[in-house]
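Contents: one structure, followed by commentary.
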Amino acid sequence: MKLSENLQKLLPYGYLFLVVMGILKESIFYYQIGINILKYTTIMDVLISPVATLTSNRVVLIATTIFILLSFAYPSYLAKRRNKKWAQNLSGLKNPETLSEAEVESHFSKLFIIVFAIGLLSLFLGIGLGEGKKLSEHISNNELTYDRKLNYSNGESEDIYLIGTNSIYYFYLSKGNRSIKVAPIGAIKNLEIPLKASINVKQ
C-alpha cells in the first residue's frame, strides 16, 4: 500500500500531534518533581520538544524508528490480504468486495493513523511517567550522582545533578541541597560534563 494523499495531507497534523505529545511528556515528567514546566517553556521549546525526546536516548530513537516502520507495514500487510477473513477481522474491514479501491485505501490510512497515534501516546506517556518516577525516587533516597559542574558568571561554581535544560533555563540539584533549582541561562558561564568512560583520552 502506497502512502495515500490523505496521509500526506495529514503530515503537518502529525507533527502537531508530536508537539502535543512532547509537551505532555515534559509536563508529566516535571510534575512528579514539583515543577510546572509550562511556566518555564518558550514556543521554541514546544516546537523542538518531540525531537529532543526522540533523540535524547539511542534506545528510544531506535525503538521509535522501528515502531514507525511497523505501524506503516502492519496496515500495508493487511491491505494486501484484505480478501482473507483474518485480515478483515484484524483491520475491521467489512464487505471489501463492495468497496472501491479508494475506500479501501482510506480505511487502511485511518488504521495507520490510529496505530501510530496510540503507539506514540503510549511511548511519550511511558517515558514521562517512568523517568519522572525514577528521578523522584532517587531524590527521595538521596541516590543522585552529582557528576556535572556548573560555573556561574560571577565566578562561583558547584557540583550538580542536571535534571534538564531548555532554551532559557537550567533545572538541577546542588550537592548537599535537595531543593530543585531553576537558573536562567544568562547566569551560567558554562557547564562541565565528564567524558564518557568509553572515550580514551591521550595523556
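At a glance:
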{"quantity": "Inter-label distance for Ser157 and His138, nm, one decimal - labels placed 7 Å from Cα along Cα-to-Cβ", "calculated": "2.2"}
{"quantity": "Estimated dipole of the chain in Debye, rounded to 20 [Cβ of Lys and Arg +1, of Asp and Glu -1, Cα centre]", "calculated": "480"}
{"quantity": "Reference-scaled alpha-carbon Rg (2.2 N^0.38 Å with N residues) for the range 116-203", "calculated": "1.33"}
{"quantity": "Spin-label zone in the range 156-182 - amide nitrogen under 17 Å from a point set 7 Å from the Cα of Lys189 along the C-beta vector", "calculated": "156-160"}
{"quantity": "Fraction of accessible area attributable to carbon and sulfur, the chain (%, probe 1.4 Å)", "calculated": "59"}
{"quantity": "Per-pair calculated FRET efficiency, R0 = 25 Å: Tyr146 and Ser167 via Cβ, rounded to 0.05", "calculated": "0.55"}
{"quantity": "Using alpha-carbon coordinates, inclination of helix 5-31 to the longest axis of the chain, degrees", "calculated": "30"}
{"quantity": "Accessible area expressed per residue, the chain, with surrounding protein chains retained (probe 1.4 Å, Å²)", "calculated": "65"}
{"quantity": "Identified option (computed Cα Rg over 2.2 N^0.38 Å; candidates (i) 1.37; (ii) 1.00; (iii) 0.95)", "calculated": "(i)"}
{"quantity": "Helix-only mean residue ellipticity at 222 nm for the chain, each DSSP H run of n ≥ 4 adding -39500 (n - 2.57), per residue, nearest 500", "calculated": "-18500 deg cm²/dmol"}
{"quantity": "Rounded FRET efficiency, nearest 0.05, which uses the C-beta distance separating Lys94 from Ala73 and R0 of 22 Å", "calculated": "0.45"}
{"quantity": "Label-point gap, in nm, between Tyr31 and Ile43 - each point 7 angstrom along Cα→Cβ", "calculated": "2.6"}
{"quantity": "Relative counts (whole %) of C-alpha pair distances in the range 34-88, using bins that are 5 Å wide", "calculated": "4, 16, 14, 13, 12, 11, 10, 9, 5, 5, 2"}
{"quantity": "Subset of Lys134/Lys189; Lys39/Lys149; Lys25/Lys175; Lys39/Lys181; Lys84/Lys110 violating a 22 Å alpha-carbon distance limit", "calculated": "Lys134/Lys189; Lys39/Lys149; Lys25/Lys175"}
{"quantity": "Spatially proximal aspartates and glutamates relative to Lys94 (Cα-Cα < 15 Å; intrachain offsets below 8 disregarded)", "calculated": "Glu103, Glu105"}
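The values are calculated or read from the model by the stated rules, or taken from the named source; none is laboratory data. Small disclaimer: the values here were computed from a predicted structure and weren't measured. No Cβ is skipped: glycine too gets one built from the backbone with ideal geometry, and neighbour counts run over all protein chains shown. Calculation scope for accessible area: heavy atoms of the full protein, side chains included, ligands and nucleic acids excluded. Shrake-Rupley method; radii C 1.70, N 1.55, O 1.52, S 1.80 Å.
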